[in-house]
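What follows is a set of notes on a single structure, which appears directly below.
The values are calculated or read from the model by the stated rules, or taken from the named source; none is laboratory data. Just so it is clear, the model here is predicted, and its values are computed rather than measured. Ideal geometry is used to build each Cβ from the backbone, glycine not excepted, and the neighbour counts take in all protein chains shown. Ligands, DNA and RNA are excluded from the accessible area calculation, which covers all protein heavy atoms including side chains. Shrake-Rupley method; radii C 1.70, N 1.55, O 1.52, S 1.80 Å.
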Amino acid sequence: MRRRIPPPPSPLPQRDGVDPVRVRMPPGDVWPTVRDHLVARLASGAEVIDGLLEAGQIVDAAGRPVTRDMAYVPGMFVWFHRELPDEERVPFPIDVLYRDEHVVVADKPHFLATTPRGSHVAETALARLRRQLDIPTLGAAHRLDRLTAGLVMFTVRPEERGAYQSLFRDRRVAKEYEAVAPYDPALPLPHTARSRIVKERGVLAAQEIQGEPNAVSRIELLEHQGEHARYRLTPSTGQTHQLRVHMSALGVPILGDPLYPVVTDPVASGDFRRPLQLLARILEFTDPVTGREHRFVSPRTLQSWSSYEEWAAG
């Protein structure tokens with residue numbers, strides 16, 4: 001099997017902790033110019049592309065500005081910085097629990113995306129930590145939902161990122177979550193939920209369908225008070241929204257969930273009230289580079305458990 005050749009390093013520095021966009025000219029395509037290909041391929045449109053070209057802001061691997069009439073060369077790379085969207089600052093800190101020369105383990109607040117995506121770019125855990133720690137090479141070993149708070153691991157050295165990502169891919173990380181949801185005395189717990197979950201691109205909510213299970217979660221009752229309970233959730237797989245789907249399917253959807261069991265209208269930008277009551281509490285693994293045994297515990301508490309009235313009032 002032919003070994004994949006890595007792309008050349010970016011000639012452009014990061015901006016606000018965000019990497020420049022890298023575009024490769026596909027080997028099988030034939031276009032008159034680089035400009036023609038970019039206009040056809042990117043959603044930004046001809047006006048934006050032409051503006052970047054005229055300003056010399058699209059460059060080749062040597063850092064030279066790409067001109068409007070530069071010939072298309074299959075396999076070549078170009079880079080540019082996209083215009084960052086106007087983002088509402090998430091007014092909660094991201095805390096670093098551990099840092100060495102290989103990894104950073106951070107405690108992410110609710111509402112902060114892990115990595116740049118869509119309308120969340122500079123206001124993400126990755127971009128913030130790159131700026132905060134001055135580690136431009138920092139990368140995410142895995143992702144945590146934007147609405148979920150808790151532990152996320154990042155890698156310091158790009159050449160080691162694959163080793164840490166494989167921990168999650170090969171299920172060699174013990175993860176434990178905590179959630180607050182309605183209390184149902186008739187629900188037999190502990191319970192292991194097994195189902196097949198699919199998440200279609202462009203569809204907000206994932207669905208359970210018939211078929212071989214690809215999602216397994218253990219749900220345990222920790223304690224209850226009145227109409228609500230605190231649960232320990234232990235996933236042994238990592239499907240999108242898995243814990244949220246399984247809790248909803250049991251009839252005890254997690255408090256503050258805007259998707260399960262019903263997709264609700266999106267809240268206004270900057271509305272940080274009533275966060276999803278789901279927390280990635282524990283992360284435990286053997287470091288694949290150093291061999292060290294690690295166990296991290298988030299000190300966060302879920303607001304609805306300590307003060308339901310305050311959480312509900314927003």
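Tallying residues that are within 15 Å of the chain's Cα centre (by Cα), closer than 20 Å to residue 296 by Cα and open to solvent by 10 Å² or more (accessible area, probe 1.4 Å) within the stretch 120-136 yields 1. The conditions of being surrounded by 11 or more Cβ atoms within 10 Å (Cβ to Cβ), out of contact with any strand residue (DSSP E or B) (no Cβ under 9 Å at 6 or more places or on another chain), closer than 30 Å to residue 89 by Cβ and free of Cβ contacts under 8 Å to residues at least 24 places away in the same chain are not met by residue 203.
Taking the stated definitions as given, is residue 310 out of contact with any Gly (no Cβ under 6 Å at 6 or more places or on another chain), open to solvent by 50 Å² or more (accessible area, probe 1.4 Å), assigned to a helix (DSSP H, G or I) and not β-branched (Val, Ile, Thr)? So residue 310 fits the description; yes. Any residue at all in the stretch 250-266 that is among the charged types (D, E, K, R), open to solvent by 60 Å² or more (accessible area, probe 1.4 Å) and assigned to a loop (DSSP other than H, G, I, E, B)? Scanning the stretch 250-266, I find at least one residue that is among the charged types (D, E, K, R), open to solvent by 60 Å² or more (accessible area, probe 1.4 Å) and assigned to a loop (DSSP other than H, G, I, E, B), so the answer is yes. Of everything listed in (1) within 21 Å of the chain's Cα centre (by Cα); (2) of a type outside the set (Ser, Thr, Tyr); (3) closer than 24 Å to residue 184 by Cβ, the single unmet condition for residue 238 is (3). Of all residues in the stretch 285-298 being exposed (fewer than 15 other Cβ atoms within 10 Å of the Cβ) and assigned to a strand (DSSP E or B), which is farthest from the chain's Cα centre (by Cα)? My answer is 293.
Set side by side, the residues 117, 41, 82 differ, and just one is surrounded by fewer than 17 Cβ atoms within 10 Å (Cβ to Cβ), under 30 Å from residue 273 (Cα atoms) and basic (Lys, Arg), which is 117. Of the residues making up the stretch 267-280, those that are surrounded by fewer than 22 Cβ atoms within 10 Å (Cβ to Cβ) and either modelled with pLDDT of 95 or more or among the charged types (D, E, K, R) (or both) are 271, 273, 274, 275. Is one or more of the residues making up the stretch 13-20 among the polar types (S, T, N, Q) and either open to solvent by 70 Å² or more (accessible area, probe 1.4 Å) or assigned to a loop (DSSP other than H, G, I, E, B) (or both)? Checked against the condition, which is being among the polar types (S, T, N, Q) and either open to solvent by 70 Å² or more (accessible area, probe 1.4 Å) or assigned to a loop (DSSP other than H, G, I, E, B) (or both), the stretch 13-20 yields at least one hit. Flag set for residue 104, criterion: touching a helix residue (DSSP H, G or I) at 6+ places or on another chain (Cβ under 7 Å) and open to solvent by less than 50 Å² (accessible area, probe 1.4 Å). Restricting the stretch 143-164 to residues that are under 25 Å from residue 300 (Cα atoms) and without any contact (Cβ under 8 Å) to a residue 40 or more places away in the chain leaves a set whose member that is least open to solvent (accessible area, probe 1.4 Å) is 146. For the stretch 190-228, filtering for residues that are assigned to a strand (DSSP E or B), out of contact with any Ser or Thr (no Cβ under 6 Å at 6 or more places or on another chain) and not hydroxyl-bearing (Ser, Thr, Tyr) leaves 15.
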